[in-house]
Structures are given as structure tokens and as C-alpha cells.
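Just below is one structure, and these are the notes that go with it.
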Amino acid sequence: MRSRYWLALIALAPVAALAGGDCEFRADRAAGVDAKGVEKVVIKAGAGEMKVIGRTNAVRIEARGTACAGSQEQLGGTLINARREGNVVYVEATQPDESGSSWGKNDYAYINLGVALPASLPVVAEDSSGDAVFEDLNALEFADSSGELEIRRIAGAVEVNDSSGDITIDGAGSVRVNDSSGDIEIDEVRGNVEVPSDSSGEIHVTHVGGSVNIDADSSGGIRVEEVKGSVRVGSDSSGDIHAGRVGGDFTVESDSTGSIEHEAIGGRVSVPNDAAGN
């Protein structure tokens, strides 16, 4: 992922973010809210990278970052805001409207955002562009337009709707991913894994305590291993399919091209009769 140096610093500091790339004008931004009585945190980020971490000893929701812009005017509109409405806290990183006529081809504005919050809180997040990292949260619901995504050690459910970029999930209660493009790596899930739709990219799922259900995959290989429950692939347009060490059934309902291989299946195997490599 880009800006590894920034990600390393944010992991070590209470909450910090350093700007990378172009940064003609810069300013530190920060906002925070007391976490007592809060039941959910909603985060909205625009351009820039984002890291959200949960901490067992945190008593506040703290957001910090460095705003970068191509002009002083644009910098003034590049902000971090935090507000509380009832038992929900909203954190938002805002940039000036790029559709405005005053924007030239060399103008830019972004914030590399870091958020720290109690690990007991679920997070709903939205990001328009840039890499994102989430660690040690109660639960996560994330919508992303572009950029790589890393998710680690989520106690409960993870739901991701992603347009482009690789996705890595390591440790979760359950996982549900809708993806347009990019590879998907999922490991160490205590419950079920669901992939309702994936347009392109490899899918690799390992160490699942429940079942794996991939409804529709357009292109890219599928490899599923070490699953206590069953594995189902609804439809696959292209790419090889492999299932290994599955406690329950292995089912492929429809496959256009590519081989289907399996080993150590504890239950029933059901694959198309004309599939190669069975």
C-alpha cells in the first residue's frame, strides 16, 4: 500500500497522520468527542488515506490528520469535524467542492485521516478515494470507491461494498463482501463468509468456522480452504475453482470456463458434469 511511512507513524502515535505526495499548503486538523454513552461511530472521508483503530482503554473518539491543498483558499475548506447526535458520533473529513469553476488542473485538497476510538464501538465508514486500514473494532460496515483496504481483528460482523482495489480481511466474526474489481483475501473468520457478487479479481478464503457462499463471480480464480461448514459457488464465468479441507458440502451450480478441483470434502460434492478437472 502507498504511504507505508504514514501508516507506521499512525500506529505508534496516539492518533497522527502525515501528508504524502503534493502538499504545497498544509495544516494540522483535529476533532474529538467524549465516548461515554456512544453506541456507534459514523466516519465519512473524501480524498486521502484513512486508518481507524480501536483501543480497549480509549474514553474518547479522536480524529487527527494533516490537511494538504494546492492553495490557501482550498486549505481553508479542508477540515475534520466531529459531532454527536444522540448516541451516535459523526466524524467527517471535508474538502472543497472540486466541481467549482475556480479549480484548475493543478489544484488539489485532501486529508490523511486517523481515528482512534473505544474498541467496543461499531463503525460505519465511507471513503471516496485512498487506501484504508481498520483494526480492533467491534464491527465494521464500509463503503469504498477506490483504494486498497486492510481489515484486521474485528470482533463482530464485517460488511464491505467496494468498487476497486484489493481487499484483505484477517480476523472477523463474519464477513460479507460485494466487490467490483481487485483481489479478495479473507482469513480467520469465526462465522460465515458471503460474497454476493465479485466482478473481477482472485478470491482466496481460508480458516472459516462457518460456511462460505459465493453467489456470483465474473472472472478470476476462487480458492477456498479449511472450512468447517459448506462451500457453495452459485455461478462462475471464468477462472479455476479449488476447494480443500471442507467439513460440509462442496457445490458449484454453474461454471462457464476453468477447472474445478476439490480435496478432503467431508460432505456431498455437486459440480457441473462438464466441468474440467473434477
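Taking residue 196, is it surrounded by fewer than 16 Cβ atoms within 10 Å (Cβ to Cβ), under 20 Å from the mean Cα position of the chain (by Cα) and not hydrophobic (A, V, I, L, M, F, W, C)?
It is true that residue 196 is surrounded by fewer than 16 Cβ atoms within 10 Å (Cβ to Cβ), under 20 Å from the mean Cα position of the chain (by Cα) and not hydrophobic (A, V, I, L, M, F, W, C).
So which pairs qualify, if the first residue must be in the range 160-187 and under 17 Å from residue 224 (Cβ atoms), the second must be part of a strand (DSSP E or B) and among the polar types (S, T, N, Q), the Cβ gap must be under 6 Å, and the two must be at least 6 apart or on different chains?
From residues that are under 17 Å from residue 224 (Cβ atoms), the pairs are 185/168; 187/206.
Would you kindly identify the strands (runs of 3 or more DSSP E) lying entirely within the range 57-105 that contain at least 3 residues that are under 21 Å from the mean Cα position of the chain (by Cα) and either within 20 Å of residue 116 (Cβ to Cβ) or modelled with pLDDT of 95 or more (or both)?
Because the criterion is at least 3 residues that are under 21 Å from the mean Cα position of the chain (by Cα) and either within 20 Å of residue 116 (Cβ to Cβ) or modelled with pLDDT of 95 or more (or both), the strands (runs of 3 or more DSSP E) in the range 57-105 that meet it are 60-69, 88-94.
Can you tell me which residue is modelled with the lowest pLDDT among those in the range 30-49 that are buried (at least 17 other Cβ atoms within 10 Å of the Cβ), of a type outside the set (Val, Ile, Thr) and part of a loop (DSSP other than H, G, I, E, B)?
For the range 30-49, the residue satisfying everything is 48.
Hey, which of the strands (runs of 3 or more DSSP E) in the range 152-207, taking only ones fully inside, have at least 1 residues that are under 16 Å from residue 221 (Cα atoms) and either touching a helix residue (DSSP H, G or I) at 6+ places or on another chain (Cβ under 8 Å) or of a type in the set (Gly, Ala, Ser) (or both)?
Answer list for the range 152-207: 174-181, 193-200.
Residue under question is residue 52, and the condition is that it be in a strand (DSSP E or B) and touching a strand residue (DSSP E or B) at 6+ places or on another chain (Cβ under 9 Å); does it hold?
yes
The values are calculated or read from the model by the stated rules, or taken from the named source; none is laboratory data. A quick note: this is a predicted structure, and the numbers were derived from the prediction, not measured. A quick note on method: Cβ atoms are made from the backbone with ideal geometry, for glycine too, and the neighbour counts reach across all protein chains shown.
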